[in-house]
Amino acid sequence: IEVPEIQRQVAMEFAIPVEPLRGKRRTSNIAFARQVAMFLTKELTKLTLVDIGKSFGNRDHSTVLYGIDKISKRLKTDRELETRLERLREQLRS
């Protein structure tokens, strides 16, 4: 599974263009989708936090870690997010 494919699937799931996932915009819907994409990238690839950051608009590894942690915490209480992530994982694996 490659990063561009993860970005494409997440963009489709959140009904946004792929480019903002790699861009600098920080509106809440784009930032959340970006964090989901970074979370899935960490989970489904062997890339380092630094490499993931480079794939998402040259972000710092600490930004990537923050996004991954935020999604991990939200997953504990948000069933809808859990369902969306499972759907994305299935789409990416097929």
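The values are calculated or read from the model by the stated rules, or taken from the named source; none is laboratory data. Just so it is clear, the structure is predicted and the values come from calculations on it, not from any experiment. Ideal geometry is used to build each Cβ from the backbone, glycine not excepted, and the neighbour counts take in all protein chains shown. All accessible areas refer to the heavy atoms of the entire protein, side chains included, with ligands and DNA or RNA removed. Shrake-Rupley method; radii C 1.70, N 1.55, O 1.52, S 1.80 Å.
At a glance:
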| item | result |
| --- | --- |
| Any hit, region 70-81, residues being at pLDDT 95 or above, within 17 Å of Glu2 (Cβ to Cβ), open to solvent by less than 80 Å² (accessible area, probe 1.4 Å) and in a helix (DSSP H, G or I) | no |
| Residues within region 3-53 that are in a loop (DSSP other than H, G, I, E, B), modelled with pLDDT of 95 or more and exposed (fewer than 13 other Cβ atoms within 10 Å of the Cβ), tallied | 4 |
| Gly57 open to solvent by less than 50 Å² (accessible area, probe 1.4 Å), on the phi > 0 side of the Ramachandran plot and in contact (Cβ under 8 Å) with a residue 24 or more places away in the chain | yes |
